[in-house]
1. Probe of 1.4 angstrom, ligands and nucleic acids ignored: what's the accessible area per residue over the stretch 25-116, in square angstrom?
2. For Cα pairs less than 8 Å apart in space and 6+ apart in sequence, what is the mean separation divided by the residue count of the stretch 8-102, i.e. the relative contact order in percent?
3. How far apart, in nm, are the 7 Å Cα→Cβ label points at Leu130 and Glu157?
4. So if R0 is 22 Å, what FRET efficiency would Gln164 and Ile27 give, r being the distance between their Cβ atoms, rounded to the nearest 0.05?
5. How large is the Kirkwood hydrodynamic radius of the stretch 73-112, counting all unique pairs of alpha carbons, in Å?
6. How large is ³J(HN,Hα) for each residue in the stretch 84-101, as worked out from phi by the Karplus curve 6.51 cos²θ - 1.76 cosθ + 1.60 (θ = phi - 60°), to whole Hz, x for Gly and Pro?
7. Give me, ordered by chain and number, the residues 5 or more places off Leu182 or on other chains with an amide H under 5 Å from its own placed amide H.
8. How much length would be gained if the chain were fully extended between Asp14 and Asp35, taking 0.36 nm per residue of separation minus their Cα-Cα distance, in nm to one decimal?
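The values are calculated or read from the model by the stated rules, or taken from the named source; none is laboratory data. Please read these numbers as outputs of a predicted model, since none were measured by experiment. Cβ sites come from the backbone with ideal geometry, for glycine too, and all protein chains shown count toward neighbours. The accessibility values were calculated without ligands, DNA or RNA, using every heavy atom of the protein model including side chains. Shrake-Rupley method; radii C 1.70, N 1.55, O 1.52, S 1.80 Å.
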Amino acid sequence: LIERQVEFIRRLVDDLLDVTRISAGKIQLELQPTDLRDVIARAVDSTRPLIAQRRHTLEQNILAAPIVVAADAGRLEQVFVNLLNNAAKYTPEGGRIEVRASMGQTEALVHVMDDGVGIPKEMQSNIFELFTQVAASLSRADGGLGIGLSLVKNLVELHGGSVQVRSEGPGRGSEFIVRLPLAQPRQDPPATGT
């Protein structure tokens, strides 16, 4: 119990320091061509103990082809760890979480969905603001302080992307959609004529 609490406090302090550094313009990303599938796999591995502890089912629908973005892999992993941790924490035990990754012509899309507590419509427009919390039913130790989603938004935007939330309201689950520019726009094979 003490180890878990110490780890929780360490993560909170790290996240708060990162938000402060981003606000001050002091975070420099080390962008490299990165396969988003690898980043998601590491984030899933990091969050698997919490998902297992809460007896959730995790489904992954990840495009088989490489999804290459210009990214700081460690920072991008932090984004998906935060989203997956939130899905696990805000979903009642035995719930369902899904991660879906695909790509369009110019952007990669990652959806993190759950069948958890949901987000009231009136909260969705400011859910990414620092210290915003939705689920008052969770203790602070379980629910955090409202730092993680602000960090997610800032890190995604530093990568030239965007994040949005969808929820049909309380008890109806949530979906977070991360959009990131592809390192190179997708090239469809040229049409062949006969």
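1. On the way: 4230 Å² over 92 residues.
Counting only protein heavy atoms, the per-residue value for the stretch 25-116 is 46 Å².
2. On the way: 105 pairs, mean separation 35.7, N = 95.
Relative contact order comes out at 38 percent.
3. The answer from the label model is 1.2 nm.
4. Numbers: r = 22 Å, r/R0 = 1.00.
FRET efficiency, Gln164 to Ile27: 0.50.
5. Working: mean 1/r = 0.0873 Å⁻¹.
Taking the inverse mean of 1/r over all distinct Cα pairs, the stretch 73-112 comes out at 11.5 Å.
6. 5, 4, 4, 4, 5, 6, 9, 10, x, 3, x, x, 10, 10, 10, 10, 10, 10
7. Amide H to amide H, under 5 Å and 5 or more residues apart or across chains, Leu182 pairs with Glu107, Ala108.
8. Values: separation 21, 0.36 × 21 = 7.56 nm, distance 2.53 nm.
Computed gain between Asp14 and Asp35 is 5.0 nm.
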